[in-house]
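Read the figures in this text as sums done on the coordinates, not as results from a lab. Predicted model only: the values in this text are computed from it and were never measured. Reconstructed Cβ throughout: ideal geometry from the backbone, glycine too, with neighbour counts over all protein chains shown.
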Amino acid sequence: MRKNPKIRLPERIARLEDVAYNLWWSWNVSARGLFKALDRTLWQTTHHNPVAVLVQCHPDKIEARAKDPAFLQWYDSVVAQFDEYMGEAKPWFKVKHPEARRPVAYFSAEFGVHTSLPIYSGGLGVLAGDHCKTASDLGVPLVGVGFMYPQGYVQQRVGVEGWQQNLYAHIDWSTSPVRPAFTPDGQPCVLRLSLGGWPLHVAVWRVDVGRVPLFLMDTNVEGNDPGDREISGRLYGGDSMMRLRQELVLGIGGTRVLRALGIDAEVFHANEGHAAFLLLERLRERVEAGMSLTDAKAEVARSTVFTTHTPVAAGHDVFPEDVIEQYFKNYWPSLGMDKEAFLDLARTPGKKGWNMSALALRLAGRANGVSRRNGVVAREMWKDLWPDRKAEDVPISHVTNGVHLPTWLSQRMNELYSTHLAADWRQRQDDPALWAKVEDVPDETLWTVHLRCKRDLLNFVREQARSRWQAERAEASQALAGGALLDPDALTIGFARRFARYKRATLILQDLERLKKLMLDPWKPVQLVFAGKAHPADDGGKQLIQQIYKLAKDPAIGGRIAFIEDYDMHKARYLVQGVDLWLNNPLFPLEACGTSGQKAAANGVPNLSILDGWWEEGYNRENGWAPKGSEGLPDDKRDAADAAAIYQVLEEQIVPLFFERNQKGVPTGWVSVMKNSIKTTAPQYCASRMVKDYTEKLYYPAAEPALTAR
Ligand SMILES: *Cc1c(COP(=O)(O)O)cnc(C)c1O
């Protein structure tokens, strides 16, 4: 393993570097605490990045820590935990599958593992990160394949007028948990691709997520055209042609990277259509080795899983056929196909155009949506690909998403569960019987822990407003809009996610007078905390942010609306842990699953959500609130109807329940909803349940299901 020349550690604590370079630390409370103990201020200023802490920490301080018996004892314990985790002999997967299995290669355009690695934009990426962490915990042999975007995803600043500004920072390699990947013979892995006369070099980086390595491709390589060097520059940057080139690199390049690294995957999992070219590449490998196209298709289908995530049309890439032809004219002969047969692979019936999801659905043997509802919607959406079948017989199943609890639970809740459920609750987190014990936690204890998480959130928000005001000379009104006036006693509602249209961030502002009555009630005040980025090219999304921001600055709202800038995983943790209620109001049925509500619920933060995505199966009348989304109305009428349903449940049920306190000030009725929320969602919507489902039903099904004829 290459050492970082900027990190100099005394021999006694030298293994801090190993731990810093494995993102395992990000979900181990004790390891996080150790880096924080090394230098508390650096821990804050580096936004919790251990590699940066080790690089920047003053040598005297490091020397002092290496002689401090308490620190050393802690260090020894963390290193022992790390080694035990990495070397665990019998994780869940080994028990279930004692026979040797070759790995799953999980392809994704984004991976949200930690804020210090900004290569995700939202739910899709965070899901991929949670999937990898959980595969690691369970011992499922999995490797990730994706992109190392040197400029990451957009960073958001909101100007005084409320308009989102798009900033990009260049990743600093020396302070990131990223190292070059090496081939089995010890050479840095650099690939040469050539597609339709388009030559390209691709370098490969490695990020370790516990036992799961991610291999991330980067085109910013010596020898590439300046334009091509930008291909991996930014996540979802550039136009449709850039997007196509990224996807060529992801699917075809990614498959070749695995070959170069000597990784012989048994299963390929395309997380969303972006990676669908991997199917073509694996067909080509077989046909060129002499297999018939029919056999090659059968073999590739048998070993490929495709997950589709969105019913929104813009979420499915469609490229013009003439452009595809340009890149693939030398490729289809190697599949033994002619042009029309090749283009037919990715057409939807009656339409021209190369549809990446259609390609994946035709060639992958197993396909799934990400919630029960999303399964239904996807079968309906894609039924034309199977003209002889009824929608319910379309071969797309579902595995409902889940979240990696060790990542998303606050440290405080973590400790509470260790004390009141079981010390080893993490090993049994998908067991409902374990979580039923939440009922035995005294109400006051749970409420007190929640109030501390709320205080952590408000402190964090204030610090952020302070630093914006002080360091960046923001105006005072911006500090207020950023949440400086938030009230620890008000019922605090969180809404944070990407500002995509169907998520309707401003729905709750529909009837401002009605909302104001709720917010400004002196006895039972309510406040709203918003966060989220608009896609850098989406002016509509930016207008929604502006609408919220203007209200946040308006004295008539009294500081009861806040907009937290630059939503990322770090801020998401504070929000899902610290608000009182999590709001979600997508346009039914466009929310494929939604995962932030699952994060909140497991922290004891109940959901107020339109019945869509996971909530349609998760809601049980006692673990939150579910105003029914309207159907069959024109969009503007639907918004008004849905908003009215939300106000009504707030006015009649939620607010009164939250403010009804016993003599000790504990809202016992509310705490009962919190408990219900925890015990019903944690075991069902933890990523452990999800990855076990993928493993048993889709990756290594005991009896391989018959392939679907297309
Ligand atoms: C969990 C998460 C999301 C997902 O949000 P949903 O809209 O609820 O699916 C988006 N962004 C970040 C930073 C997250 O952590």
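The calculated FRET efficiency for the pair Y168 and E84, based on their C-beta separation and a Förster distance of 60 Å, comes to about 0.90. Over the residues of the chain, the helix contribution to mean residue ellipticity at 222 nm works out to -11500 deg cm²/dmol, using -39500 (n - 2.57) for each DSSP H run of at least 4. Tell me whether region 11-86 comes out rounded, prolate or oblate; compute the Cα gyration tensor, take square roots of the eigenvalues as a ≥ b ≥ c, and use a/c under 1.5 as the rounded threshold. The shape class here is oblate.
Structural descriptor for region 160-293: relative contact order 17 percent, calculated from alpha carbon pairs under 8 angstrom and at least 6 residues apart. Label separation (D635 vs R8): 6.1 nm, computed from points 7 Å beyond Cα along the C-beta direction. Of the peptides 493-500, 334-341, 415-422, the ranking by mean beta-carbon count within 10 Å, highest at the top, reads 493-500, 415-422, 334-341. In a fully extended conformation the segment linking F71 and A556 would gain 169.5 nm over its present Cα-Cα distance, using 0.36 nm per residue. Candidate cross-link partners of K517 among the aspartates and glutamates, defined by an alpha-carbon separation under 16 Å and a same-chain spacing of 8 or more, comprise D554, E651, E652. From most to least packed by mean Cβ count within 10 Å, the peptides 207-213, 67-73, 171-177, 46-52 give 207-213, 46-52, 171-177, 67-73. Fewest neighbouring Cβ atoms within 10 Å first, the residues R426, R8 line up as R8, R426. Taken along the Cα-to-beta-carbon direction at a fixed 7 Å, the label points for A391 and A37 span 5.8 nm. What's the center-to-center distance, using Cα atoms, between region 507-549 and region 199-238 in Å? Each part reduced to its Cα centre gives a spacing of 38 Å.
When all alpha-carbon pairs of the chain are counted, what percent fall beyond 36 Å? Here the long-distance tail beyond 36 Å is 41 percent of all Cα pairs in the chain. Relative to one another, the C-alpha centroids of region 136-192 and region 643-691 are positioned 37 Å apart. Rounded to the nearest 20, the size of the Cβ-charge dipole of region 427-685 about its Cα centre is 600 debye, with Lys and Arg at +1 and Asp and Glu at -1. Relative contact order, whole percent, for the chain stands at 12, derived from Cα pairs under 8 Å and 6 or more residues apart.
Measuring r between the beta carbons of E444 and E266 and using R0 = 51 Å, the FRET efficiency lands at 0.50. How big is the gap, in Å, between the Cα center of region 567-597 and the Cα center of region 401-479? One Cα centre to the other: 14 Å.
With neighbour counts taken as other beta-carbon atoms within 10 Å, the residues H398, H535 rank, fewest first, as H535, H398. For K679, the lysines whose Cα comes closer than 22 Å to its Cα, not counting residues fewer than 8 places off in the same chain, are K437, K454, K599, K692.
Working ranking of peptides 503-509, 362-368 by packing, defined as the average number of other Cβ atoms within 10 Å per residue, highest first, is 362-368, 503-509. Charges were assigned to the Cβ only: +1 to each Lys and Arg, -1 to each Asp and Glu. The resulting dipole of the chain about its Cα centre is roughly 680 debye. Where in region 174-190 does the label zone of E285 land, with the point 7 angstrom along Cα→C-beta and an amide N cut-off under 18 Å? Inside the label zone: 182-185, 189-190.
Using 0.36 nm per residue and subtracting the Cα-Cα separation, the extra length available between A433 and W523 on full extension is 28.5 nm. Name the residue farthest towards the positive end of the dipole of the chain from the options H274, N374, I119, assuming +1 on Cβ of Lys and Arg, -1 on Cβ of Asp and Glu, about the Cα centre. About the Cα centre, the residue reaching furthest to the positive side is I119. Using only side-chain charges placed at the Cβ, +1 for Lys and Arg and -1 for Asp and Glu, the dipole size of region 11-86 relative to its Cα centre rounds to 280 debye. Taking label positions 7 Å along the Cα-Cβ direction at both K339 and D538, the computed distance is 3.7 nm, reported to one decimal.
Straight-line reach from K96: which aspartates and glutamates fall under 13 Å, measuring Cα to Cα and dropping same-chain residues less than 8 apart? Result set, ordered by chain and number: D693, E696.
The mean sequence separation of alpha-carbon pairs under 8 Å and at least six residues apart, normalised by the residue count of region 427-685, gives a relative contact order of 23 percent. By the gyration tensor of its Cα atoms, with a ≥ b ≥ c the square roots of the eigenvalues, what is the shape of region 260-350: rounded for a/c under 1.5, prolate for a/b over b/c, or oblate? Oblate, because a/c is 1.5 or more while a/b does not exceed b/c.
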